[in-house]
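Have a look at the structure below before the remarks.
The values are calculated or read from the model by the stated rules, or taken from the named source; none is laboratory data. Quick caveat, the model's predicted, so the values are computed rather than measured. Ideal geometry is used to build each Cβ from the backbone, glycine not excepted, and the neighbour counts take in all protein chains shown.
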Amino acid sequence: MNYDRVFEMIEQAYEAPYGPVRTNLFEQAVSEAEQMGDEKLAYDLRIQLIESAFFHGLGDRALVSFVSCLRYADENPEDVSQHELLWRYKWIVGVLPRLPQISRSKILEMVNDLGRRASVQGYSPRPVHYVRWKQLLAMGDLETASTEVELWRKGAKDELQDCPACEADSEVEYLAACHRDQQALAVAKPILSGKVTCAEVPHLTLGILVRPLIRLGRMDDCQKISNKGYKLTYDNNEFISAVSEHLLFATRTNQIVKALRMFTRHAAWAVDTGLPLRRFQFDSIASAFLEKLARKGVPKKSETDESRETRKRMAPAKLVLPSNHPCYRDDDQYDPRELAKWYRNEAESLADQFNKRNGNDYFTRWLEETHDLADIESRE
């Protein structure tokens, strides 16, 4: 164990893209630094580890490192950038509602602690109101969130706020969750026109707008938005929630072949994610897709309606699931009805966990709306 080895791992980490490899290298480097007794280096590496994990769907691993960062910063306040620490704190608080084992009281306690630390550093309460309403939204408490939204809108802007694109995207998400669909689209206009963008916007926004557009019956507009959104998100599992919404639209519009490709391509993301909220979103929509697949079958060229109906009744569907999937089969032959039932059960179990934590039935209602929007009973 020596510094040369640590710096070699750091160099390899920076050369790797965001994801498990980069995160693993930083974790190894942290371990080496700790064994050498260099706590400051370990802190700096954890700060980089958190960023690497957070921006590739590994937020649960970022959480573990942040606890150590916070402890070191409290003991050595002059050794750290408080602004950098507060930014990481915002990210971490954003992860918490996605883990049903973290209590509502603990989540809000950490938001309050973030607010206290931000105030000590001279920041406006506006960014903390923003963080608080986003966490309340994630827990389905739309009524309490609305109060924080108003305080956020009236607050003074400063350097701790999110970029304009992220803030607009979050407001679109809030309005869509409240079924204020026309308002959501109005707020999204600068995003859709390209006036405000960032690394994650419009990627996330295009997925958020799927439900409002379906509810408004604007299917042609939704098709355009979904096509564009999927192209931006299909290769990064950080965007699994957006990809799930595009799967919902393909299901709703009976684009069975396209939906099948999307499902098989991204099923591994849901299995691998460390954030149960993202798995719930995918599982809910996957269950709707698979139920429709069981009803309609996969269309084939030159197939009569009669032969298609016979095939649907008699043949399993050829799907591709990751080898670590609980339902994996070597022959890739699955009964869509059974698979749909498995996904529905998983989604209901997660919904129950989140509902109990949140003290409401928001996730059950979200699951039911998902199946309504998928229009399972539709016929071509």
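Below, the figures for the structure above:
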| item | result |
| --- | --- |
| Selection from the range 1-43 of residues that are in a loop (DSSP other than H, G, I, E, B) and under 18 Å from Tyr72 (Cβ atoms) | Met36, Gly37, Asp38 |
| The range 82-107 residues that are under 16 Å from Gly59 (Cβ atoms), paired with ones that are not in a helix (DSSP H, G or I) (beta carbon under 6 Å, 6 or more apart) | Leu96/Ile102; Pro97/Met139; Arg98/Leu275 |
| Hits in the range 173-207 (condition: of a type outside the set (Lys, Arg) and not in a helix (DSSP H, G or I)) | Cys178, His179, Ser193, Gly194, Val196, Thr197, Cys198, Ala199, Glu200, Val201, Pro202 |
| Conditions (1) in a loop (DSSP other than H, G, I, E, B); (2) surrounded by 14 or more Cβ atoms within 10 Å (Cβ to Cβ); number of the one not met by Gln101 | (2) |
| Close pairs (7 angstrom Cβ cut-off, 6 or more residues apart or separate chains): among the aromatic types (Phe, Trp, Tyr) in the range 137-158, surrounded by 13 or more Cβ atoms within 10 Å (Cβ to Cβ) anywhere | Trp152/Arg126; Trp152/His129; Trp152/Tyr130; Trp152/Trp133 |
| Filter result (surrounded by 12 or more Cβ atoms within 10 Å (Cβ to Cβ) and without any contact (Cβ under 8 Å) to a residue 24 or more places away in the chain) within the range 15-26 | Ala16, Val21, Asn24, Leu25 |
| Flag for Arg180 being at pLDDT 95 or above, surrounded by fewer than 16 Cβ atoms within 10 Å (Cβ to Cβ) and either more than 30 Å from Tyr123 (Cα to Cα) or in the same structural domain as Val271 (by TED's automatic domain parsing) (or both) | yes |
| Of residues in the range 195-210 being surrounded by fewer than 19 Cβ atoms within 10 Å (Cβ to Cβ) and not hydrophobic (A, V, I, L, M, F, W, C), the one farthest from Ser226 (Cα to Cα) | Lys195 |
| Residue list for the range 115-142, filter: in a helix (DSSP H, G or I) and over 22 Å from the mean Cα position of the chain (by Cα) | Gly115, Arg116, Arg117, Ala118, Ser119, Val120, Arg126 |
| Qualifying residues in the range 252-283 (those that are among the β-branched types (Val, Ile, Thr) and part of a helix (DSSP H, G or I)) - the one surrounded by the fewest Cβ atoms within 10 Å (Cβ to Cβ) | Val257 |
| Answer residue from the range 28-43, given it is buried (at least 20 other Cβ atoms within 10 Å of the Cβ) and under 29 Å from the mean Cα position of the chain (by Cα) and is nearest to Trp87 (Cα to Cα) among those | Tyr43 |
| Residue list for the range 104-129, filter: surrounded by fewer than 13 Cβ atoms within 10 Å (Cβ to Cβ) and closer than 13 Å to Glu148 by Cβ | Asn112 |
| Residue that is modelled with the lowest pLDDT [pool: residues in the range 42-89 that are in contact with a Gly (Cβ under 7 Å, 6 or more places away or on another chain) and aliphatic (A, V, I, L, M)] | Leu58 |
| Selected residue (criterion: farthest from the chain's Cα centre (by Cα)) from residues of the range 80-102 that are over 30 Å from Asp352 (Cα atoms) and among the aliphatic types (A, V, I, L, M) | Val80 |
| Single residue of Arg337, Arg311 found to be closer than 20 Å to Glu377 by Cα, modelled with pLDDT under 95 and in a helix (DSSP H, G or I) | Arg311 |
| Residue list for the range 143-172, filter: surrounded by fewer than 18 Cβ atoms within 10 Å (Cβ to Cβ), assigned to a helix (DSSP H, G or I) and small (Gly, Ala, Ser) | Ser146 |
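Quick grid of which residues meet (1) under 17 Å from Glu173 (Cβ atoms); (2) among the hydroxyl-bearing types (Ser, Thr, Tyr); (3) without any contact (Cβ under 8 Å) to a residue 12 or more places away in the chain:
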residue: Leu209; (1), (2), (3): yes, no, no
residue: Asp221; (1), (2), (3): no, no, yes
residue: Gln255; (1), (2), (3): no, no, yes
residue: Ala259; (1), (2), (3): no, no, no
